[in-house]
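Written out below as structure tokens is the structure these notes cover.
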Amino acid sequence: LDDELINVFFQTFKVFPCKLKVDYMPEKMDVDAFRDGNYVEILNLCPLEEMVLTLQEVENNDLSGWGSVFRELAGKWIEDICATQAHKFFTKAAPIQVFSGLGEGMADLVIIPLALSDGNFTDYIKCLLEGTSSFAEKALRTSAKITQFAASQLNSNLPYVGETSSCP
């Protein structure tokens, strides 16, 4: 029975598009592996928050066994992610999200008053206050994220820093 499950033949295996949310908090970067050329360790440099990847529709034909199905599926998804969504790994990294959050807040500071006011000075002031409030909220949220990120990096790297320090 087990051999039959492992060696199943799939005439057609189809997976419809779906979304995958990634929240990744690195444990520790292996600096020696990075120096030896393992560039995947860059992913362990900073966390990824709320990154959503869209996995494309995949249809495979004439495959034997679950291993070949999953290998083909993963291969096509990785190829598509590298070709069309690699920028998300950069823009969703914690240090970059800080700047995008502040940029969003700055845009609210300018766009909300211009978009919502009807040319009336009183409406403009109300909209300016709304834009300022939105900016302040995003700036506070961003500063909290920076503090959390700095504390987690300090906590995870502090033992490593102590090992390599040359100070007495």
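The values are calculated or read from the model by the stated rules, or taken from the named source; none is laboratory data. Nothing here was measured: the structure is a model prediction, and the numbers come from that model. Note that each Cβ is placed from the backbone with ideal geometry, even for glycine, and that neighbours are counted across all protein chains shown. Note: accessible area is taken over every heavy atom of the protein model, side chains too, but ligands, DNA and RNA are not part of it. Shrake-Rupley method; radii C 1.70, N 1.55, O 1.52, S 1.80 Å.
Table for the structure above
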quantity: Filtered residues of segment 117-154 (kept if open to solvent by 90 Å² or more (accessible area, probe 1.4 Å), assigned to a helix (DSSP H, G or I) and more than 28 Å from residue 25 (Cβ to Cβ)); calculated: 121, 126, 129, 130
quantity: Residue in segment 19-45 that is nearest to residue 152 (Cα to Cα), counting only those that are surrounded by fewer than 11 Cβ atoms within 10 Å (Cβ to Cβ) and modelled with pLDDT of 80 or more; calculated: 23
quantity: Selected residue [under 30 Å from residue 148 (Cβ atoms) and free of Cβ contacts under 8 Å to residues at least 24 places away in the same chain] from 42, 81; calculated: 42
quantity: When residues of segment 71-96 are limited to those that are part of a helix (DSSP H, G or I) and charged (D, E, K, R), the one modelled with the lowest pLDDT; calculated: 88
